[in-house]
Amino acid sequence: MDTTKRLVWAIGLATVLVAGCAENRYREEENFGDAVRAAKARQIVNPDAGRSAPAPDGIDGTAAKATMDRYQKSFESPPPPANVFTIGVGGQSGGTSTR
């Protein structure tokens, strides 16, 4: 009888250990992230664009560099502040009429 109890106890322990290793997956988790992956895929028009990109039309390299240099220099000194109290002073607005 002592051997039978040990055998039953060992089988019960083995069952608990195997059940703990079993995959516990819910139906809701099966497709988790599919909507995000699908939305990302729909936003990519041409996935091979980086491999076969044609030369862009438009501005040449020298003009582009000059434009970027002017843009960067525009941040060196802040623009003068606008006086908000003089907006509309001294002129007539288009919506008023005089008799």
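The values are calculated or read from the model by the stated rules, or taken from the named source; none is laboratory data. Just so it is clear, the model here is predicted, and its values are computed rather than measured. In this analysis, Cβ positions are derived from the backbone assuming ideal geometry, glycine residues included, and neighbour counts consider all displayed protein chains.
Taken residue by residue, region 21-33 has no member that is at pLDDT 85 or above and part of a helix (DSSP H, G or I). Are any residues in region 29-72 surrounded by 10 or more Cβ atoms within 10 Å (Cβ to Cβ) and of a type in the set (S, T, N, Q), and if so, which ones? Residue satisfying the conditions is Thr67 alone.
Go through Ile44, Ile59 for me and flag whichever is modelled with pLDDT of 75 or more, in contact with a helix residue (DSSP H, G or I) (Cβ under 9 Å, 6 or more places away or on another chain) and not polar (S, T, N, Q).
Going through Ile44, Ile59 in turn, just one is modelled with pLDDT of 75 or more, in contact with a helix residue (DSSP H, G or I) (Cβ under 9 Å, 6 or more places away or on another chain) and not polar (S, T, N, Q): Ile59.
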